[in-house]
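> Can you keep this structure in mind? I'll have questions shortly.
None of the figures in this text is laboratory data; all of them are computed from the coordinates on show. Since the model is a prediction, treat every value here as computed from it, not as a measurement. Quick reminder, even Gly has a Cβ in these numbers, built from the backbone with ideal geometry, and neighbours come from all protein chains shown.
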Amino acid sequence: AAMVQKYQSPVRVYKHPFELIMAAYERRFPTCPLIPMFVASDTVNEYKSEDEAIHVIERRCKLDIDAPRLLKKIAGVDYVYFVQKNSLNRRERTLHIEAYNETFSNRVIINEHCCYTVHPENEDWTCFEQSASLDIKSFFGFESTVEKIAMKQYTSNIKKGKEIIEYYLKQLEEEGITFVPRWTPPVACKLESSTSHARRPVSPAINIPDSAAKEGLNNKEILNTSGSPSEPTAGTPDDKLDADYIKRYLGDLTPMQESCLIRLRQWLQETHKGKIPKDEHILRFLRARDFNIDKAREILCQSLTWRKQHQVDYILDTWNPPQVLQDYYAGGWHHHDKDGRPLYVLRLGQMDTKGLVRALGEEALLRYVLSINEEGLRRCEENTKVFGRPISSWTCLVDLEGLNMRHLWRPGVKALLRIIEVVEANYPETLGRLLILRAPRVFPVLWTLVSPFIDDNTRKKFLIYAGNDYQGPGGLLDYIDKEIIPDFLGGECMCEVPEGGLVPKSLYRTAEELENEDIKLWTETIYQSASVFKGAPHEVLIQIVDASSVITWDFDVCKGDIVFNIFHSKRAPQPPKKDSLGAHSITSPGGNNVQLIDKVWQLGRDYSMVESPLICKEGESVQGSHVTRWPGFYILQWKFHSMPACATTNLPRVDDVLASLQVSSHKCKVMYYTEVIGSEDFRGSMTSLESSHSGFSQLSAATTSSSQSHSSSMISR
């Protein structure tokens, strides 16, 4: 099987002008003592333009790869040859480097592209970026060994790249070279040339023939504009990550980890409509999946859908916790630990979990925990600024003094497990350390119930102290400064965290009230969710009275791939029979599944398709609209999309076979929102919709063709 590895570097900024960096770079050739594996290089081809603005040089480089002798023997080579083509444009101040392997090119394909350009905001600085791909087709059965060797060599060279430039800059400085003049267009008259160099930038002299003067002028214009910040040169720093920023705000990452972050972030920018999470948050998902970019992307996309569904982005600004929570939830933020991490104190033993669940229901409790986590993210960001180093997680101190059998009440434990599950899925790698203090005898019972739900990575961060052990060596003082140990733990710091206590029974709600409340909270969002099964699409009926209305939709495919259709029918479909799908027992909250199109109806006779079908992949967000041509009944349909066998081979791919074996793959989930707008309001409401966050920006008048992104909307003509 072919393995393709990709690498994309952050932007490295040198605070030196391009010309000086070039002088340093040139010193690497023909050989470089700092790269022992770079044995020799010969110039194969060279081209210089007449005005010397363009210089292209192609070299054949000889590398002594650090590989096991046996492997070299099997491969039958001592050296590996690469071809490197450097294109320098002195006028534009850019150097592009393309490199590929010549040895084993039928078995292994290595491509690398590097570029040095002028910093878009400071023309005396230089940016460097590189990207590469490695595709191993076959290597005498040693594919994975070769991959490891290649990746190791490559990443060590990435690190060296910067050192080499800095080494030669220093060498230049020692030789007294700290400035290299910029390229200037040659002047036609021999006489002028001696004086004109002193007068920079070049202004065309009077007595130069017309044509040359024009040329000179053009070059001068090019020179001036290419450095101006208004030109969109090579991407502005805001949409690219630079190496110094990563070190300061995100931490020490290996080159491959940086590459994963950059690629995942780029993928989000290209495909995700809506708010893109902060870099440190994207990084948390990568860490949670050991930098496996596909796995991280999957959990991150699920989390983004969930955030949208529950409007989590607005929790801190818009949600006020009920008074019961403010009075009886015994938890709160309390300074920070010795590592600068925000510290959250939870007096779980003092908290009446049963009372809180009975008075509030699970949803409000969950929502409260989410707001604590959102606040945690905010505090990490704050502490990163204050302490001058990356802080991406918080420490939690849980005091179990007072824990008793009451805490093992099943619904309470169930609520706790669900909360843990939601937090694990959406706030990975946020818990830096969990200190559990004063664990009583019943604790092991609770722990056996809870621990299976906790990720292994997270579990490693738990420290559990029984009784007063926390006061001894290896205890609390190792992690938290003496001045901020809370009073209830024998410290001298007044801790503002509420004491908790029993929730009065008068505040309890009846089971019915709680049921209704929970359901209401589930659908509090404007979205509705639906399940789609093989052979059982979900259909929504929209009745149109005024012929020129606009039906708009906005949906997220949470799970599986689906086909989206819109049909028109003159007559009303029969209301669906309630239990047509008893077998699937779709009674879970919001898991509705309705069929409206009668089995006896024929397409073309009883109803017609008014938009071409759109295939939507898992994780996509789709927005669109349809201007109705006739009154009557419109049916929006989300249908299960079954994968055709691989077209080229006609044999099913292994993945497809596996997918069809998994029962869960016969179920898709969609979250949708539809609205009908009168055509006269359509134009007017567009502006308000565009500014709102519901993702309808695709509908703006400008977008008449479907957009280029993965989930292009269907926009009717």
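> Beyond a 27 Å Cα-Cα separation, which of these cross-linked pairs lie in this structure: Lys240/Lys275; Lys148/Lys273; Lys148/Lys275; Lys15/Lys160; Lys148/Lys170?
Going by Cα-Cα distance, Lys148/Lys273; Lys148/Lys275; Lys148/Lys170 fall outside the 27 Å limit.
> Using amide H atoms built in the peptide plane, which far-off residues or other-chain residues are under 5 Å from Trp601 H to H?
none
> If I model a spin label as a point 7 Å beyond the Cα along the Cα-Cβ vector, how far apart are those points for Cys115 and Trp319 in nm?
4.4
> Between Val627 and Gln5, how high is the FRET efficiency from 1/(1 + (r/R0)^6) when r is the Cβ-Cβ distance and R₀ = 51 Å? Nearest 0.05.
Computed FRET efficiency for Val627 and Gln5 comes out at 0.60.
> Could you go through segment 254-269 in sequence order and give the Karplus-derived ³J(HN,Hα) for each residue, using 6.51 cos²θ - 1.76 cosθ + 1.60 with θ = phi - 60°, rounded to whole Hz, and x for Gly and Pro?
Values per residue, Gly and Pro as x: 6, x, 5, 5, 4, 4, 4, 4, 5, 5, 5, 5, 5, 4, 5, 4 Hz.
> Here's a follow-up. What FRET efficiency, computed as 1/(1 + (r/R0)^6) with R0 = 60 Å and r the Cβ-Cβ distance, is obtained for Ile276 and Lys73, rounded to the nearest 0.05?
0.75
> Excluding residues on the same chain fewer than 8 positions from Lys505, give the lysines whose Cα lies under 29 Å from its Cα.
Once the sequence-local lysines are set aside, what remains near Lys505 is Lys354, Lys414, Lys520.
> Quick one: Karplus J couplings for segment 75-81, per residue in order, coefficients 6.51, -1.76, 1.60, θ = phi - 60°, nearest Hz, x for Gly and Pro?
Per-residue couplings from phi come out as 6, x, 9, 9, 10, 10, 9 Hz.
> Can I ask one more? Can you quote the Å³ per residue value for the convex hull of the Cα atoms in segment 34-187, rounded to an integer?
It comes to 138 Å³ per residue, whole-number rounded.
> Excluding residues on the same chain fewer than 8 positions from Lys570, give the aspartates and glutamates whose Cα lies under 15 Å from its Cα.
Here the aspartates and glutamates satisfying the reach criterion relative to Lys570 are Asp546, Asp598, Asp606.
> Stretched out fully, how many nm does the piece from Trp125 to Ile615 gain, at 0.36 nm a residue minus the Cα gap? Walk me through the numbers before you get to the answer.
Details: separation 490, 0.36 × 490 = 176.40 nm, distance 4.65 nm.
Going from the current span to full extension adds 171.7 nm.
> Can you give the convex hull volume per residue for the Cα atoms of segment 318-506, as a whole number of Å³?
Convex hull of Cα atoms, per residue: 122 Å³.
> Which cross-chain or sequence-distant (5 or more) residues have an amide H under 5 Å from the amide H of Glu401, H modelled 1.01 Å from N in plane?
Excluding prolines and chain starts, which carry no amide H, the hits are Gly349.
> What would the Debye formula give as log10 I(q)/I(0) at q = 0.21, 0.26 Å⁻¹ for the alpha-carbon point model of segment 417-498, no solvent?
Once normalised to I(0) and log-transformed, intensities are -1.13, -1.24.
> What FRET efficiency would be calculated for the residue pair Lys48, Trp447, taking the C-beta separation as r and a Förster radius of 45 Å, to the nearest 0.05?
It comes out at approximately 0.05.
> Any chance you could run the full-extension gain for Trp267 through Ala40? It's 0.36 nm times the residue separation minus the Cα-Cα distance, nm to one decimal.
This chain segment gains 77.9 nm when fully extended.
> Moving on. Where the centroid of each part is defined by its Cα atoms, how far is segment 135-192 from segment 348-397 in Å?
What the calculation gives is 47 Å, centre to centre.
> Shifting gears a bit: When the Karplus curve 6.51 cos²θ - 1.76 cosθ + 1.60 is applied with θ = phi - 60°, which whole-Hz ³J(HN,Hα) does each residue of segment 24-34 get, with x for Gly and Pro?
5, 4, 4, 6, 5, 9, x, 9, 9, x, 6
> For segment 243-310, compute Rh as the Kirkwood radius over C-alpha pairs and then the Stokes-Einstein diffusion coefficient at 10 °C and 1.306 mPa s; write the answer in µm²/s, rounded to an integer.
130
> Kindly rank 381-390, 281-290, 333-342 from highest to lowest mean number of other beta carbons found within 10 Å of each residue.
Descending packing order for the listed peptides: 281-290, 333-342, 381-390.
> Still on this model: If each of Val56 and Phe462 carries a label point 7 Å out from its Cα toward its Cβ, how far apart are those two points in nm?
A separation of 6.4 nm, rounded to one decimal place.
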